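*Asks:* One structure coming up, written as structure tokens, with questions to follow.
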Amino acid sequence: MIKLSDSPADIEKAADILKSGRLVAFPTETVYGLGADAFNTFALARVFEVKGRPRFDPLIIHIANLDALERIACIDGFDSQRRKQLNLLIDSFWPGPLTLVLPKRREVPDLATAGLPTAAVRFPSHPIARNLITLSTGAVAAPSANPFGRLSPSRAEHIIDTLGNSIDCIIDGGPCSVGVESTVLELLPVPRLLRLGGISMEQLELLIGPVEKNNAELECGPVKKEQFAAPSPGMLQSHYAPQTPLFLHSQKAMTVLPYNEKEGYLFFSAKNRESWNCRTIAGQLPDNNKPQTILTLSEEGNTTEAAANLFEYLHILDKSGVTCIHAETLPEEGIGAAVNDRLRRASVIH
Ligand code: TXA
Ligand code: MG
């Protein structure tokens, strides 16, 4: 595995590796992706193998200009309302953390879409991702670069630790700015949210009107890996999980938890953390001597900052040797809802 920088020469090198059918991990604004040429079935098969990902879980195809959309999706069947919604979404959120599920072209390999008649398409805003896609094949299939079901990587180090030996190349572009994966939205027959992410439900509805929210996984219970039942397999209940058991608490419940130095704590804000300290271990943990097992996603209580830190802090706690992680829910608004979704799926009790 070679590690490359974000220099133009290195990105060109990485693009050549992709073009030759090998795998490149690269940064996007959400999380790092594990990229393969979307039209090379051998490369696609390796993505599933390396991640240990079931073949029923389709990949997102990343593009870097709108012409490439036509190579992947076919919107001939769209009526004028859907066409208008599609254009509004593209104009407002591309490039950016929104993935659109659209009817696929025949030429798109079934392996990329897990045999579905639709393809998930995303136009990332990260400059490294865009240059890499443009310089390689223009269509790069990329799941998050983590072993299946585990925490997503928000830094190159997370990939080196987990998939390092089995991939060909990593471009280190530093930490990702959004921190949670893209929002996945299906447009036909009606707009339907398949995964919460970097674009909030509020943002979508403000732009295109009502969006159906799929709560199927809450109603049906966990979807077994062998089943082809999940409307979007990213909705699998147990997903994005650290190896350490994680318990999710309401903000109120978190403030009355007893402190145990063998356990890890993930707070939303300084205010919440301080109210906990006061009640349970007053005076025992001076501010300047906080153990690395008590972390705060955003001192100021800013949900955008909290999302950007989420996976990184979960990785830190996971590696710290604590016996379990206690995390509190964020306010269920904007990107806070996506963070809560990831915490719920990472937790041992749903
Ligand atoms: O932010 C992101 O989306 C990151 C970066 C690398 O771009 N990628 C990512 O990929 O999160 P992945 O494979 O971890 O998640 C893709 C999600 C899965 O939940 C998958 O089931 C869903 O997109 N998906 C892909 N194609 C689909 C389709 N045709 N219909 C429904 N869901 C689809
Ligand atoms: Mg993933």
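*Asks:* What longest range of the chain stays clear of loop-exposed GluC sites (Glu not before Pro) (DSSP non-H/G/I/E/B, at most 16 other C-beta within 10 angstrom)? Kindly include the intermediate steps, with their values, before the conclusion.
*Replies:* Numbers: sites that count: GLU107, GLU226, GLU261, GLU299, GLU300, GLU332, GLU333.
So the longest stretch without any such site is 108-225.
*Asks:* Just the C-alpha atoms of segment 295-350: what Rg/Rh do they give, with Rh taken as the Kirkwood radius? Kindly include the intermediate steps, with their values, before the conclusion.
*Replies:* On the way: Rg = 11.1 Å, Rh = 11.7 Å.
Result: Rg/Rh = 0.95.
*Asks:* If you don't mind, there's one more thing I want to ask. Where does segment 1-48 land on the Kirkwood hydrodynamic radius, alpha-carbon pairs, in angstrom? Write out the running numbers ahead of the final one.
*Replies:* Details: mean 1/r = 0.0894 Å⁻¹.
Evaluated on segment 1-48, it is 11.2 Å.
*Asks:* Grab the Cα-Cα distance for GLU261 and SER7, subtract it from 0.36 nm times how many residues apart they are, and report the gain in nm with one decimal. Before the final figure, lay out the partial values.
*Replies:* Values: separation 254, 0.36 × 254 = 91.44 nm, distance 4.32 nm.
So the chain would gain 87.1 nm between GLU261 and SER7.
*Asks:* Another question, then. For the chain, give the share of DSSP beta bridges that are antiparallel, in percent and rounded to the nearest 5; count only bridges with both residues there. Could you put the intermediate results ahead of the total?
*Replies:* Values: 17 of 42 bridges.
So the antiparallel bridges amount to about 40 percent of the total.
*Asks:* Calculate the dipole size of segment 1-130 relative to its Cα centre from +1 charges on Lys and Arg beta carbons and -1 charges on Asp and Glu beta carbons; express the result in debye to the nearest 20.
*Replies:* Working: 17 positive and 15 negative charges, 57 e Å.
So the magnitude is around 280 debye.
*Asks:* Please give the solvent-accessible surface of TRP276 in Å², to the nearest 10, using a probe radius of 1.4 Å with every protein chain present.
*Replies:* Roll a 1.4 Å probe over it and TRP276 shows about 0 Å².
*Asks:* Averaging the inverse of every distinct alpha carbon separation and then flipping it gives the Kirkwood radius. What is it for segment 75-133, in angstrom units?
*Replies:* Details: mean 1/r = 0.0780 Å⁻¹.
Its Kirkwood hydrodynamic radius stands at 12.8 Å.
*Asks:* Using the C-alpha atoms of the chain, what convex hull volume per residue, in cubic angstrom, is computed?
*Replies:* Working: hull volume 45.6 nm³, N = 350.
Measuring per residue, one finds 130 Å³ for the Cα hull of the chain.
*Asks:* Now a separate question. Just how many % of Cα pairs in segment 1-131 lie over 19 Å apart, if you round to the nearest whole percent?
*Replies:* Values: 4406 of 8515 pairs.
That fraction is 52 percent.
*Asks:* Between GLY77, PRO27, LEU310, whose Cα lies farthest towards the positive end of the dipole of the chain when Lys and Arg beta carbons carry +1 and Asp and Glu beta carbons carry -1, centred on the Cα centre?
*Replies:* GLY77
*Asks:* About the Cα centre of the chain, what is the dipole size in debye to 20, counting +1 per Lys and Arg Cβ and -1 per Asp and Glu Cβ, all else neutral? Provide the component values of the computation, followed by the final result.
*Replies:* Working: 34 positive and 40 negative charges, 137 e Å.
Roughly 660 debye, rounded to the nearest 20.
*Asks:* Using a Debye calculation, one point per C-alpha and no hydration shell, please list log10 I(q)/I(0) for segment 112-176 at q = 0.12, 0.13, 0.17 Å⁻¹ in order.
*Replies:* Results for segment 112-176 at q = 0.12, 0.13, 0.17 Å⁻¹ read -0.37, -0.43, -0.74.
*Asks:* Can I ask one more? Determine the sum of side-chain charges near ALA156: Lys and Arg each +1, Asp and Glu each -1, restricted to other residues whose C-beta is under 9 angstrom from that of ALA156.
*Replies:* Values: positive: LYS3, ARG155; negative: GLU157, ASP172.
Once all neighbours under 9 Å are counted, the net charge is 0.
The values are calculated or read from the model by the stated rules, or taken from the named source; none is laboratory data. These figures come from a predicted structure and were not determined experimentally. In this analysis, Cβ positions are derived from the backbone assuming ideal geometry, glycine residues included, and neighbour counts consider all displayed protein chains. Ligands, DNA and RNA are excluded from the accessible area calculation, which covers all protein heavy atoms including side chains. Shrake-Rupley method; radii C 1.70, N 1.55, O 1.52, S 1.80 Å.
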